[in-house]
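This report refers to the structure that appears directly beneath it.
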Amino acid sequence: MPCIYNECMPSYKTLLSAAIFSFALLCPFSNAQAPGSPQVQEFQQVEDKWSDAISDKDNFALELVVSPGIVDISGTGEVSSRNQMIVALVKKGAPVQTLTQTAVDVHMLTDELALVSGTYILRTKNGTDVVEEKGIFTHIFQREHGRWMCIRSQRTIVVGDTQAKTTLKPPVKK
């Protein structure tokens, strides 16, 4: 049976993820940190600030963790800048979202550059419908003005996650 291009070729997101992880694993300057290490805890606090900003629709808090030059690639492949992220967050009628990000591993590439990988759950509520997206993320942080700011963000939906496209109904109150 002939190969259909979209089914046989890996997506650019898959290739980008593989390239970033390969770089982090092969880079002689990288310093992997185990879960629970001070570096993982430090970046978990940054990830929590990011999650809270999304959940609270707080554009000012989001500006404190994402760099003005960020390139954000969502789990669905949409590419956004910081301004686009903020507009999507605060625009009238925007769906309510909750984001949970868990830092799993930190590679300190230099004192000013870190690669953080982990898992995420993004729940989007439109009316009574809730869509849940689960996946992994890779964030590259740079220390700017004494704080860590994300300069690159890429999410990948977990392969085979049927809930990523399924509408979940909230429990019925009795």
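The values are calculated or read from the model by the stated rules, or taken from the named source; none is laboratory data. Keep in mind that this is a model prediction, so the values were computed, not measured. Positions of Cβ are generated from backbone atoms using ideal geometry, with glycine treated the same way; all protein chains shown enter the neighbour counts.
Could you grab me the full set of residues in the stretch 126-139 that are of a type outside the set (A, V, I, L, M) and surrounded by 16 or more Cβ atoms within 10 Å (Cβ to Cβ)?
GLU132, GLU133, LYS134, GLY135, PHE137, THR138, HIS139
Any residue at all in the stretch 55-64 that's in a helix (DSSP H, G or I), of a type in the set (Phe, Trp, Tyr) and touching a residue at least 60 places away in the same chain (Cβ under 8 Å)?
no
When the stretch 126-140 is examined, which residues are found to be part of a strand (DSSP E or B) and either over 19 Å from LEU62 (Cβ atoms) or touching a helix residue (DSSP H, G or I) at 6+ places or on another chain (Cβ under 7 Å) (or both)?
Answer for the stretch 126-140, where residues must be part of a strand (DSSP E or B) and either over 19 Å from LEU62 (Cβ atoms) or touching a helix residue (DSSP H, G or I) at 6+ places or on another chain (Cβ under 7 Å) (or both): ASN126, ASP129, VAL130, VAL131, GLU132, GLU133, LYS134, GLY135, ILE136, THR138.
So that you can scan it fast, the table gives a plain yes or no per residue for (1) within 16 Å of GLU47 (Cα to Cα); (2) of a type in the set (Phe, Trp, Tyr); (3) surrounded by 16 or more Cβ atoms within 10 Å (Cβ to Cβ); (4) modelled with pLDDT of 90 or more:
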position	(1), (2), (3), (4)
THR119	yes, no, no, yes
LEU122	yes, no, yes, yes
PHE141	yes, yes, yes, yes
TRP148	yes, yes, yes, yes
ILE151	yes, no, yes, yes
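Kindly indicate whether any position in the stretch 77-93 is of a type outside the set (Ser, Thr, Tyr), at pLDDT 95 or above, under 25 Å from GLU42 (Cα atoms) and part of a strand (DSSP E or B).
no
Of the numbered conditions (1) among the polar types (S, T, N, Q); (2) in a strand (DSSP E or B); (3) out of contact with any Gly (no Cβ under 6 Å at 6 or more places or on another chain), THR102 fails exactly one; give the number of that condition.
Condition not satisfied by THR102: (3).
Return the residue satisfying two criteria in turn: it lies in the stretch 94-117 and is farther than 18 Å from THR156 by Cα and in contact with a helix residue (DSSP H, G or I) (Cβ under 9 Å, 6 or more places away or on another chain), and of such residues it is modelled with the lowest pLDDT.
ALA94
Out of (1) assigned to a strand (DSSP E or B); (2) without any contact (Cβ under 8 Å) to a residue 24 or more places away in the chain; (3) not hydrophobic (A, V, I, L, M, F, W, C), what's the single condition that is false for GLY118?
Condition (2) is where GLY118 drops out.
Show the residue pairs meeting these rules: Cβ distance below 7 Å; 6+ apart or different chains; first residue within the stretch 133-147 and in contact (Cβ under 8 Å) with a residue 12 or more places away in the chain and acidic (Asp, Glu); second residue surrounded by 13 or more Cβ atoms within 10 Å (Cβ to Cβ) and in a strand (DSSP E or B).
GLU133/LEU122; GLU133/ILE157; GLU144/SER67
Among the residues of the stretch 67-97, count how many are aliphatic (A, V, I, L, M), surrounded by fewer than 16 Cβ atoms within 10 Å (Cβ to Cβ) and touching a residue at least 24 places away in the same chain (Cβ under 8 Å).
Adding up the residues that qualify gives 4.
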